[in-house]
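Below: the structure, in C-alpha cells.
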Amino acid sequence: QVQLVESGGGLVQAGGSLRLSCAASGITFRLYTVGWYRQAPGKQRELVAAITSGGTTTYADSVKTRFTISRDNAKDTVDLQMNSLKPEDTAVYYCNADRLETPWNRRVTYWGQGTQVTVSP
C-alpha cells in the first residue's frame, strides 16, 4: 500500500556530509507536507526540517545553516542534505508525510522506518 523508504544514513566524522532520501509510493506524494524528524536515545522525537507541497521550508534552529530539505515531485522524493555534521546530530532520522484530506478533512500521516545517522567526534 503506502511506503516511505529512507536511505542514505550511515557513519560519518564530524564536519562531514550525508544526503538522506525519502522515496514514497502508494500516495500522491506531491500533495503532502513532508518532514524529517530525528530521535536520539533518551530524547523526544523532534522536527528537523519540513517542506510543504508548495515548496515552503522550515528548519530547526540547530540545523538551519547546515541542512537543506528539497523535493523532486517527478521522482516522488524528498531529500535532506546534511553538511557540517556534529556528534549531536546522531539519531535515527524518520521521514513523515502529512496531509489534511479533502473533502472529509481527514488527517492522514505516514512514517518511514527510519535510518540511522551516526556522527563521530
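What follows draws every value from the coordinates through simple rules; no lab data is involved. Remember, it's a predicted structure, so these values are computed and weren't measured experimentally. Methodologically, a virtual Cβ is constructed for each residue, glycine included, from the backbone with ideal geometry; neighbour enumeration extends over all protein chains shown.
Using the Cβ of T109 as centre and a radius below 14 Å, the other residues enclosed give a net charge of +2, where K and R count +1 and D and E count -1. Net charge of the neighbourhood of Q39, taken over other residues with C-beta under 11 Å away and scored Lys/Arg +1, Asp/Glu -1, is +2. In order along the stretch 36-43, the Karplus-derived 3J(HN,Hα) couplings, from 6.51 cos²θ - 1.76 cosθ + 1.60 at θ = phi - 60°, round to 9, 10, 9, 9, 8, x, x, 10 Hz, and Gly and Pro are given as x. Residues whose amide H falls under 5 Å from that of A14, counting only those 5 or more places apart or on a different chain, are S120, with hydrogens built in the peptide plane.
Note down the net charge around S120, summing +1 for each Lys or Arg and -1 for each Asp or Glu among other residues with Cβ under 14 Å from its Cβ.
-1
Cβ-Cβ distance of S62 and V5, R₀ of 35 Å, FRET efficiency by 1/(1 + (r/R0)^6): the value works out to about 0.85. Working from the Cα coordinates of the chain, the gyration tensor eigenvalues give, after taking √(5λ), semi-axes of 25, 14, 13 Å in decreasing order. Between A74 and R19, the simple spin-label model (points 7 angstrom out along Cα→Cβ) gives 1.5 nm.
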